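Enquirer: Can you read through this structure? Questions will come right after.
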Amino acid sequence: MSESISPESTPSAGAAGVRPSIPIVDHIVVDDEGRALTEPLREDIRLLGGILGDTVRDNSGSDVFDLVENARIAAFKIRRAEIDRDVLADMFTDLDISLVMPVIRAFSNFALLANLAEDIHRERRRAIHVRAGDPPQDSTLAATYAKLAAAGLADDTVGAALADATVVPVITAHPTETRRRSVFETQHRITELMRFRGRTEMTPDEEAAVTLGLRRQILTMWETALIRLERLTIQDEIRSGLRYYDASFFEVVPKINAGVRKELRAAYPDAGLADDPMLRMGSWIGGDRDGNPFVTDEIVEMATTLAARTAIGHHLSELKLLAEELSMSSRLMSPGDGLYELVGMSADDPAADEPFRLALRHIRSRLVSTATHLFGEEVMKSSDLFLLDDADPYGTADDLLADLDIIDAALRHTHDDIIADDRLASLREAVRTFGFHLSGLDMRQNSDMHEEVIAELLAWAGVHPDYLSLDEAERVEILTRELTARRPLTRPDAALSELAVKELNIVRAAARAVERFGPQSVPNYIISMCTSVSDMLEPMILLKEAGLIDIDADGKLSSSVRIVPLFETIEDLQQGAATLLAALDIPLYRNLVDGQAGMQEVMLGYSDSNKDGGYMAANWALYRGELDLVEAAKKAGIRLRLFHGRGGTVGRGGGPSYDAILAQPPGAVQGSLRITEQGEIIAAKYAEPVVAERNLETLLAATIESSLLDVEGLGEESEDAYGDMDEIAVLARSAYSKLVHETPGFVEYFTTSTPLSEIGALNIGSRPASRKQTEKISDLRAIPWVLSWTQSRVMLPGWYGTGAAFEQWVGDDPEKLETLRRYYEKWPFFRTVMSNMAQVLAKSDMGLAHRYAQLVPDETLREKVFGMIVDEHERTIAMHAKITGADDLLADNAALKRSVYNRFPYLEPLNMLQVELLRRFRAGDDEPRVRRGIQLTMNGLATALRNSG
């Protein structure tokens with residue numbers, strides 16, 4: 001690994017040893033200019049790779065080092081089509097497991113270091129553009145402000161569009177991220193050393209010290225276990241999610257909120273923009289029990305309590321630092337009366353010589369009292385002897401903010417504005433944003449579970465003995481009647497099933513969190529697989545039983561918790577608007593929505609719709625569904641907020657966030673957006689403040705542009721485009737279904753040609769791989785479905801069926817091809833769909849996929865299914881080239897092109913070793929290191945691909 005990783009020859013399109021038509025690298029062209037721009041990146045990778053190589057040799061011996069080097073060299077020769085893939089396969093066949101393990105670790109650690117180098121290179125490129133005075137790049141807020149200025153928007157237009165603007169990244173509870181915290185921390189230290197090295201003109205001694213530091217950290221990383229031996233628990237997931245607040249969110253989120261408010265108010269002073277933060281955080285960790293039997297009322301209490309402790313702990317830490325900084329003496333300035341009134345002292349009192357410190361001691365004492373009241377004496381015990389023992393706790397975070405506002409006013413009274421605009425401003429913004437709750441914990445459960453529990457409650461209460469036998473109209477009638485009855489259905493000693501008791505206890509725990517930490521602590525209740533109005537009303541019965549829905553004397557409902565239907569399958573997306581309108585036609589539900597500022601949130605499921613109908617059909621069903629929901633909201637006179645359930649991969653709605661948001665249909669954003677963040681994407685986006693700021697800024701920039709500018713670009717051609725896409729989506733779904741749903745033996749092919757069954761043993765999360773213990777594709781969770789195809793380098797969920805659909809729709813008609821080319825040029829939705837698909841195709845590798853196919857015992861099945869996959873793969877690449885006019889799949893994505901070109905050969909040994917270990921494991925080799933080796937290859941590939949699930 002000490003040599004250059006970048007061969008100079010362009011990769012060949014052919015591969016020896018498999019079908020001649022299977023390429024090793026799919027249509028990726030890197031020219032001399034591209035190589036020159038990436039030379040600093042290549043130098044960084046050479047440095048880090050060289051140190052890693054030295055570490056491997058020094059600590060694992062020359063035999064391991066030589067094996068790693070030979071595998072690396074062979075991988076590049078395979079890429080250049082100089083040798084057959086069998087050469088590398090033979091190198092690993094029956095290799096002693098004691099040698100296999102360090103080879104896997106070497107290439108996995110290299111992937112971590114390459115990711116780190118690429119992130120630093122992106123920072124470097126952005127800094128170069130800024131220093132050169134280049135126009136701000138798209139997806140930055142600076143570029144957004146320039147676009148708004150060019151559009152000449154009126155203040156009232158901006159004010160109306162952004163009146164309740166809310167952007168919420170929601171951290172989810174089922175990560176494909178397997179790295180341990182220790183690995184993250186080591187990576188962070190390496191990153192800081194590389195940043196220092198890149199920004200500082202060092203003396204020889206300083207350079208030697210930095211290099212030694214890198215060697216020390218890379219050695220630490222080499223000797224640190226990459227994955228856990230035990231499965232991640234929900235408790236672990238909760239703590240893992242919270243670590244990103246100290247890592248980046250506390251620093252970055254308040255800064256962004258303050259900056260956006262300042263810029264928009266300066267540009268549109270009469271827009272009436274509120275102080276409310278536009279950017280807030282959400283979470284599913286500990287509240288999402290859909291298919292996860294480990295979520296309990298104790299878990300809900302833990303999630304909400306730890307979140308609150310994290311928020312209040314941050315506020316206390318900042319208050320202590322403020323008290324150290326604000327040392328101003330009343331002998332040298334006069335802060336005004338408000339500060340003295342806050343602490344109940346006179347300005348003439350000699351003890352009030354440092355009034356800001358006195359005021360901050362008063363505030364800190366009250367906040368410690370608040371923490372003690374919420375969490376108990378031991379949890380927040382302070383060693384600070386100068387706090388006041390009898391301080392009253394704060395009732396709400398707004399009360400704390402009011403006291404901080406007094407500090408701010410006092411500083412400005414003394415013309416200390418630059419001091420007020422520093423740590424105090426950040427803390428005030430943090431209190432606005434995080435309050436005492438930190439982030440909103442969403443509750444989620446599957447509609448089938450609601451149905452079962454409600455049937456039991458109604459039977460126990462004597463309302464109806466067999467709710468499940470009723471049709472939809474009868475169910476709605478009973479549910480609406482019960483929702484207006486003020487009496488409960490159950491009592492604490494009711495003899496109910498374990499499921500019913502568990503569900504009731506969970507919503508009661510949510511109610512306690514709302515009471516303790518405020519309504520923002522549990523803001524939403526999401527219904528998975530929502531197909532009907534009764535599906536929306538059933539969880540409302542549970543919320544009513546827990547006291548989260550209140551009923552006044554007139555039978556009107558009120559609640560701080562929003563009911564959020566999740567439309568997941570293609571059929572549900574097609575019927576979503578009708579379902580919503582039918583619910584809003586029920587007076588009690590309409591009154592509930594009206595009482596929540598007329599806002600209805602709807603969640604869109606990317607994962608299951610893709611698994612159901614394939615890439616193109618799912619994307620179009622989502623777009624069409626959004627159009628219908630926007631129209632339904634207009635018809636009903638309500639405001640709509642969409643919650644996008646996107647995963648890290650393109651097959652689960654992933655891809656560049658900026659492009660994805662701009663690709664939404666007109667009216668679908670309206671200043672508000674919620675979006676899930678999942679898997680290794682969370683660490684990739686938010687583990688570092690610099691990267692986190694860039695990614696969060698992107699979400700805001702796209703949301704503001706989508707809310708205020710015409711970004712669809714179709715004009716009068718929209719209806720024709722929609723009709724064309726309707727036809728293409730039908731063809732795409734048909735092509736996808738022929739393989740996935742209609743080919744006999746497809747499930748067997750999938751389960752044996754991918755590491756699906758082994759994924760269940762990978763310690764990546766607390767929830768099972770399937771909702772039910774079946775082998776149906778429909779019951780399989782989207783994460784293992786996508787992760788399996790990703791590991792085997794087929795990437796099927798991100799492209800299959802699209803090439804056939806385009807080919808059939810275009811036929812021999814050049815005008816239709818020209819139509820698609822025009823859509824690609826002017827329609828963000830279509831361009832984004834094509835771009836994301838190209839990214840997936842660039843990461844796919846049919847030569848490696850062929851190796852996985854050899855794991856299928858049934859030769860006839862293997863040849864049939866793999867043949868269908870390869871044919872469609874070639875067809876899709878060909879149609880992409882015809883529509884975009886580019887033979888290079890990554891012509892529009894320079895960053896990914898660098899990644900694929902520079903380091904994808906390093907994935908080759910990981911894939912080949914995974915196949916070898918799967919073969920051994922399935923042949924009965926029960927050596928524990930074989931299973932662990934499979935898990936390590938999964939981790940390494942997920943790390944290298946960066947969006948595996």
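Enquirer: Based only on Cα atoms, what Rg/Rh ratio does the range 229-334 have, Rh being taken as Kirkwood's radius?
Expert: 1.13
Enquirer: I want the antiparallel fraction of DSSP beta bridges within the range 442-645, as a percent rounded to 5. Mind dumping the intermediate values first?
Expert: On the way: 2 of 19 bridges.
Looking only at bridges with both residues in the range 442-645, the antiparallel portion is about 10 percent.
Enquirer: Another one. Based only on other Cβ atoms within 10 Å, what is the fewest-to-most ordering of ARG432, ARG239?
Expert: Result, fewest neighbours first: ARG239, ARG432.
Enquirer: Taking other Cβ within 10 Å of each residue's Cβ, how do LEU548, LEU709 sort, fewest first?
Expert: LEU709, LEU548
Enquirer: How much FRET efficiency would the formula 1/(1 + (r/R0)^6) give for ARG195 and GLU39, where r is the Cβ-Cβ distance and R0 is 22 Å, rounded to 0.05? Before the final figure, lay out each step's value.
Expert: Values: r = 18 Å, r/R0 = 0.83.
Efficiency at R0 = 22 Å is approximately 0.75.
Enquirer: Order of 222-233, 858-869, 607-618 by packing, highest average Cβ count within 10 Å first?
Expert: By packing density, highest mean first, the sequence is 607-618, 858-869, 222-233.
Enquirer: Calculate, axis by axis, the spread of Cα positions in the range 385-434 along the three principal axes, and write the results as whole Å, longest axis first.
Expert: Dimensions of the range 385-434 along the principal axes of its Cα atoms: 33, 26, 17 Å.
Enquirer: What do you get for Rg/Rh over the range 807-949 if you use C-alpha atoms and the Kirkwood form of Rh? Don't jump to the answer; show the numbers that get you there.
Expert: Details: Rg = 18.7 Å, Rh = 17.6 Å.
Over the Cα atoms of the range 807-949, Rg/Rh equals 1.06.
Enquirer: Mind ordering 337-346, 663-672 by average Cβ neighbours within 10 Å, highest first?
Expert: 663-672, 337-346
Enquirer: I need HIS880, HIS314 ordered by Cβ neighbour count within 10 Å, fewest first.
Expert: Taking fewest neighbouring Cβ atoms as first place, the list is HIS314, HIS880.
Enquirer: What is the Rg over Rh value, at two decimals, for the range 375-504, using alpha-carbon atoms and the Kirkwood definition of Rh?
Expert: Across the range 375-504, the Cα-based Rg/Rh ratio is 1.25.
Enquirer: I would also like to ask the following. Can you give me the three principal axis dimensions of the range 297-363 from its C-alpha atoms, in Å, biggest first?
Expert: In descending order, the Cα extents are 54, 21, 16 Å.
Enquirer: Determine the calculated [θ] at 222 nm for the chain from helices alone, applying -39500 (n - 2.57) to every DSSP H run no shorter than 4 residues and normalising by the residue count; nearest 500 deg cm²/dmol. Each step should come with its number before you reach the end.
Expert: Values: 39 runs with 565 residues, N = 949.
Rounded to the nearest 500, it is -19500 deg cm²/dmol.
Enquirer: What share of the DSSP beta bridges in the chain is antiparallel, in percent to the nearest 5? Intermediate values should be presented prior to the final figure.
Expert: Values: 3 of 34 bridges.
Expressed as a percentage, antiparallel bridges in the chain total about 10.
Enquirer: Shifting gears a bit: Bin width 20 Å, alpha-carbon pairs only: give the P(r) of the chain as whole percents, running from 0 to the bin holding the largest distance.
Expert: 13, 43, 35, 8, 0
Values quoted throughout were computed directly from the atomic coordinates according to the rules given, and no laboratory measurement underlies them. Computed from a predicted structure; not experimentally measured. Cβ coordinates were reconstructed from backbone atoms using ideal geometry, including for glycine residues, and neighbour counts include every protein chain displayed.
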